[in-house]
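S.K.: Take a look at the following structure, please.
The values are calculated or read from the model by the stated rules, or taken from the named source; none is laboratory data. Here the structure is a predicted model, which is why all the values come from computation and not from measurement. Note that each Cβ is placed from the backbone with ideal geometry, even for glycine, and that neighbours are counted across all protein chains shown.
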Amino acid sequence: MSVAAAVVRALPIAGAVAIAMVAVAQADGTGVIAAVTAPADRAALATAIVDAIAAEAGPGRGRIVEDAVVEARAAVATGAVPVARLVGFRRVREMIDDGWRAFQRVQIDFAQSRLAAARSAAEALVALPGGAELYADAALRLGAVMQYRRVPEAPAVIALALALDPERPITLAEFSPDVIDAIAAVRAAAAPLQRLHVVTRPAGAIVSVDGKELGAAPLDAQLPRGQHLVVARAPLHLAVVQGVAVDGPAEVALALDTDDDAARLAAGAEPGLAAPAEQGLVDAALAFADLDDVVVAAMTERRGAPALIVQRCAGAPARCTAVAEIGFGDRAGLAAAAREAWRTVQAGELREPPRVLGEIRPQRPPSEGCRLCRNPLVWVGVGAVVVTTVAVIVLTSGSKPPPVLTVDGHDFGR
């Protein structure tokens, strides 16, 4: 393996946090989250806001994203994760390095404890890019320490490390001859197969064992006896990882939690969004679209005339300017209203929660009313009944004198 290839292999393990920090430093530009009561107006509103930002853009403004939600949604679909989760890579890497240095100094107890803790912490990262390799590195070094101490579980720990990262180079530059011999013995050993039944909630999640995708749950897998890592993934859910020791026929049940960020981005910017949902949507758009700020804009009716309401939001959790409301006479005035709104919020203080989407209400379809009432046959029948009734009243009134009601005022005093 070339030196360049070794560097590339090391990037998912040692460089994940460095990459994350670069992403934080490079977050730039402004995105737009637009909502309207009439869906056909959304593109016009987003374009007006983008043009307003571009007209006022100064040096260093960066990119302008017409639909921050769509951009964030695409990032999630390609496997993007929040930077905060990647920080775990650095912590695990430091723990591995501390443990291995202790082993080289013959501080065996501390080395085993530190590497065991690193392996446990790495389990939560296995579903992320580079996470399986990081876990494998912690497990392999832990297995080496356990092998030195003649711990019976050492071969099983080493076997899992090799299954997760089978292409990892094992050289004398990194490991002692006895560790290399122990690794070779594990590779040569043939472990009997056992059945593992995997179920998930929700059903149908895609299951991987030791980095190999097996299919949709529920399923049965034939695995070598020993330690394994089971990962389940499903759309709009957070991947879940669970370690399992297979000594005989076994079953594992994995429950996947809803990925709130992915779910909010999938739902998009809807009029009348509740405050917690709007906060989550703005936070997710900022994080996954990698933006400095977003403009949340909506077009609605105020006092019978069109109006534009806008906030600018930034930070985590997002805080926004006060809501700017700009009325305009007709649709032709939207561009001018957008420019005025942008000037208002551009320099505004970020103190408020996002609330623009909650300020407008979804457009209700026109009421169909009483369908029976629109039936012409019904109205013909009603007309006939009315005419007949009037005729009866007239005939009756003509045959009898009108009634006379007499009231004696003295009766009220009795």
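S.K.: Has the range 329-344 got at least one residue that is more than 26 Å from Gly62 (Cα to Cα) and in contact with a Lys or Arg (Cβ under 8 Å, 6 or more places away or on another chain)?
M.R.: No, the range 329-344 contains no residue that is more than 26 Å from Gly62 (Cα to Cα) and in contact with a Lys or Arg (Cβ under 8 Å, 6 or more places away or on another chain).
S.K.: Can you find, within the range 90-115, the residue that is farthest from Phe288 (Cα to Cα) among those that are buried (at least 19 other Cβ atoms within 10 Å of the Cβ) and either at pLDDT below 95 or among the basic types (Lys, Arg) (or both)?
M.R.: Arg114
S.K.: I've got another one for you. Of all residues in the range 148-173, how many are β-branched (Val, Ile, Thr), out of contact with any Leu (no Cβ under 9 Å at 6 or more places or on another chain) and closer than 20 Å to Ala190 by Cα?
M.R.: 1
S.K.: Also, quick follow-up: Specify which of the listed residues (Ala161, Ala127) is assigned to a loop (DSSP other than H, G, I, E, B) and of a type in the set (A, V, I, L, M, F, W, C).
M.R.: Just a single option satisfies the conditions, and that option is Ala127.
Let's see how each residue does on (1) polar (S, T, N, Q); (2) in the same structural domain as Gln104 (by the TED database):
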position	(1), (2)
Ser176	yes, yes
Ile180	no, yes
Ala185	no, yes
Val198	no, no
Gly204	no, no
Val207	no, no
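S.K.: Checking the structure you have, find out if any residue of the range 236-258 is over 30 Å from Gly315 (Cα atoms), without any contact (Cβ under 8 Å) to a residue 40 or more places away in the chain and either of a type outside the set (A, V, I, L, M) or outside any strand (DSSP E or B) (or both).
M.R.: Looking through the range 236-258, at least one residue is over 30 Å from Gly315 (Cα atoms), without any contact (Cβ under 8 Å) to a residue 40 or more places away in the chain and either of a type outside the set (A, V, I, L, M) or outside any strand (DSSP E or B) (or both).
S.K.: Only one residue in Ala263, Ala269, Ala185, Ala221 is loosely packed, with under 15 Cβ neighbours inside 10 Å and either part of a strand (DSSP E or B) or small (Gly, Ala, Ser) (or both). Which one?
M.R.: Ala185
S.K.: Which residue pairs have Cβ atoms under 7 Å apart, sit 6 or more places apart or on different chains, and have a first residue in the range 210-233 that is within 16 Å of Glu251 (Cβ to Cβ) and a second that is of a type in the set (Ser, Thr, Tyr) and in a strand (DSSP E or B)?
M.R.: Sorted first by the residue in the range 210-233, then by its partner, the pairs are Leu214/Ser208; Ala217/Thr200; Ala232/Thr200.
S.K.: Select from the range 284-330 the residues that are over 25 Å from the mean Cα position of the chain (by Cα) and among the acidic types (Asp, Glu) and write down the one among them that is farthest from Ala266 (Cα to Cα).
M.R.: This residue is Asp330.
S.K.: Could you count how many residues in the range 308-351 are of a type in the set (Gly, Ala, Ser) and surrounded by 18 or more Cβ atoms within 10 Å (Cβ to Cβ)?
M.R.: Here the count works out to 5.
S.K.: Additional query: Taking the range 272-283 on its own, how many of its residues are in a helix (DSSP H, G or I) and either acidic (Asp, Glu) or surrounded by fewer than 24 Cβ atoms within 10 Å (Cβ to Cβ) (or both)?
M.R.: 7
S.K.: Which members of the range 154-173 meet the condition of being surrounded by 14 or more Cβ atoms within 10 Å (Cβ to Cβ) and acidic (Asp, Glu)?
M.R.: The one that is surrounded by 14 or more Cβ atoms within 10 Å (Cβ to Cβ) and acidic (Asp, Glu): Asp165.
S.K.: Among (1) touching a strand residue (DSSP E or B) at 6+ places or on another chain (Cβ under 7 Å); (2) not in a strand (DSSP E or B), there is one condition Thr200 misses while meeting the rest; what is its number?
M.R.: Result: Thr200 fails condition (2) only.
S.K.: Report every pair of residues separated by at least 6 positions or lying on different chains whose Cβ atoms are under 9 Å apart, first residue within the range 264-279 and in contact (Cβ under 8 Å) with a residue 40 or more places away in the chain and on the phi > 0 side of the Ramachandran plot, second in a helix (DSSP H, G or I) and among the hydrophobic types (A, V, I, L, M, F, W, C).
M.R.: Gly268/Val69; Gly268/Val70; Gly268/Leu281; Gly272/Leu357
S.K.: May I pose another question? Out of all the residues in the range 130-156, which are more than 17 Å from Phe103 (Cα to Cα) and either more than 30 Å from the chain's Cα centre (by Cα) or not in a helix (DSSP H, G or I) (or both)?
M.R.: The answer is Gly130, Pro152, Glu153, Pro155, Ala156.
S.K.: Identify all residues within the range 230-252 that are in contact with a helix residue (DSSP H, G or I) (Cβ under 7 Å, 6 or more places away or on another chain) and either among the polar types (S, T, N, Q) or crowded, with 19+ Cβ neighbours inside 10 Å (or both); write none if there are none.
M.R.: If the condition is that a residue be in contact with a helix residue (DSSP H, G or I) (Cβ under 7 Å, 6 or more places away or on another chain) and either among the polar types (S, T, N, Q) or crowded, with 19+ Cβ neighbours inside 10 Å (or both), then Val241 is the only one that fits.
S.K.: To continue, here is another question. Could you say which residue among Glu349, Glu340 is at pLDDT 95 or above, out of contact with any strand residue (DSSP E or B) (no Cβ under 7 Å at 6 or more places or on another chain) and closer than 13 Å to Gln311 by Cα?
M.R.: Testing whether each residue is at pLDDT 95 or above, out of contact with any strand residue (DSSP E or B) (no Cβ under 7 Å at 6 or more places or on another chain) and closer than 13 Å to Gln311 by Cα leaves just Glu349.
S.K.: Let me ask another. Kindly check whether there is at least one residue in the range 362-379 that is modelled with pLDDT of 50 or more, of a type in the set (Ser, Thr, Tyr) and not assigned by the TED database to the domain that holds Pro39.
M.R.: Scanning the range 362-379, I find at least one residue that is modelled with pLDDT of 50 or more, of a type in the set (Ser, Thr, Tyr) and not assigned by the TED database to the domain that holds Pro39, so the answer is yes.
S.K.: Based on this model, can you work out whether Val7 counts as in a loop (DSSP other than H, G, I, E, B) and either under 25 Å from the mean Cα position of the chain (by Cα) or at pLDDT below 95 (or both)?
M.R.: no
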